[in-house]
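Asker: I have a structure I would like to understand better, so I am pasting it below and will then ask my questions one at a time.
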Amino acid sequence: MSASDAFGLFGCGLLGLAAIAILIPLRRFPLRVRYTVVAAAAFAFLIPIGDLPVAAYVRGVTGDLSAATLVLAGAACFTQVTGRALIGHRDKQALCWLLALAAAFLYPFALGWTPFDPYALGFGSAGFIAALLLITLACWWARLYLVVLVVVVAALGFLGGAYESRNLWDTLIDPLASFYALAWLLAGVRLPNSVSLSRNSRQAG
């Protein structure tokens, strides 16, 4: 098994564990039950169906997952199992905004609607790498360490051959992370509005 296959299966297994941990949700159960459920779920993703493990079928649907998805999935698993949050609101908000902006920059242009193709920048463009480095340094200076972690994981995965794709975009962002970021940001906008409307209705009453 190649390094990219092993890493891809690991990522899809981690995503599956995060989904199970959130859907149950595990935090409502005693700690021993949480560990047991996670261990059983991890084992289930390794069970072969036909010639492939369950995680391979998940990978066939999602493809290789970006560093952003892996970090968010890992943090979600940790939170559900231990009851402690790894990611602060400020860090998560910054990451989601950057993911949403990156998706808005990448995906519409990549459809071929214009001569400019930002996806091509991921094949070793010096300008793209310089911009990514500046963003990472700015986030480090602003103490937005979650963004820094995602970039470091993506860079290590890219340099270490953990991804089949040799495009840096694929290690940084994927559709799952993009949709999650957009949904999280929209939920954050709706929540204050609903609270404000509730307060106004109480005052009017």
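The values are calculated or read from the model by the stated rules, or taken from the named source; none is laboratory data. What you see is a predicted model, and the numbers here were worked out from it, not measured in a lab. Positions of Cβ are backbone-derived with ideal geometry, glycine not excepted, and every protein chain shown enters the neighbour counts. Quick note on the areas: whole protein, heavy atoms, side chains included, nothing else; ligands and nucleic acids left out. Shrake-Rupley method; radii C 1.70, N 1.55, O 1.52, S 1.80 Å.
Asker: Please enumerate the residues belonging to segment 56-95 that are in contact (Cβ under 8 Å) with a residue 60 or more places away in the chain, over 18 Å from ALA21 (Cα atoms) and of a type in the set (Val, Ile, Thr).
Answerer: Selection gives THR62 alone.
Asker: Looking at segment 153-174, which of its residues are under 14 Å from the mean Cα position of the chain (by Cα) and either free of Cβ contacts under 8 Å to residues at least 40 places away in the same chain or within 16 Å of VAL71 (Cβ to Cβ) (or both)? Before you say what the answer is, go through the steps one by one.
Answerer: So in segment 153-174, the residues under 14 Å from the mean Cα position of the chain (by Cα) come out as 153-154, 169-174.
VAL153, ALA154, ASP170, THR171, LEU172, ILE173, ASP174, listed by residue number.
Asker: Out of segment 23-32, which residues are among the aliphatic types (A, V, I, L, M), in a helix (DSSP H, G or I) and within 24 Å of VAL58 (Cβ to Cβ)?
Answerer: Across segment 23-32, the qualifying residues are LEU23, LEU26.
Asker: GLY16 passes all but one of (1) open to solvent by less than 30 Å² (accessible area, probe 1.4 Å); (2) of a type outside the set (S, T, N, Q); (3) touching a Lys or Arg at 6+ places or on another chain (Cβ under 8 Å); which number fails?
Answerer: (3)
Residue-by-condition table, conditions (1) more than 18 Å from MET1 (Cβ to Cβ); (2) over 15 Å from the mean Cα position of the chain (by Cα):
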{"site": "THR36", "(1), (2)": "yes, yes"}
{"site": "PRO48", "(1), (2)": "no, yes"}
{"site": "ALA55", "(1), (2)": "no, yes"}
{"site": "LEU70", "(1), (2)": "yes, no"}
{"site": "ARG84", "(1), (2)": "yes, yes"}
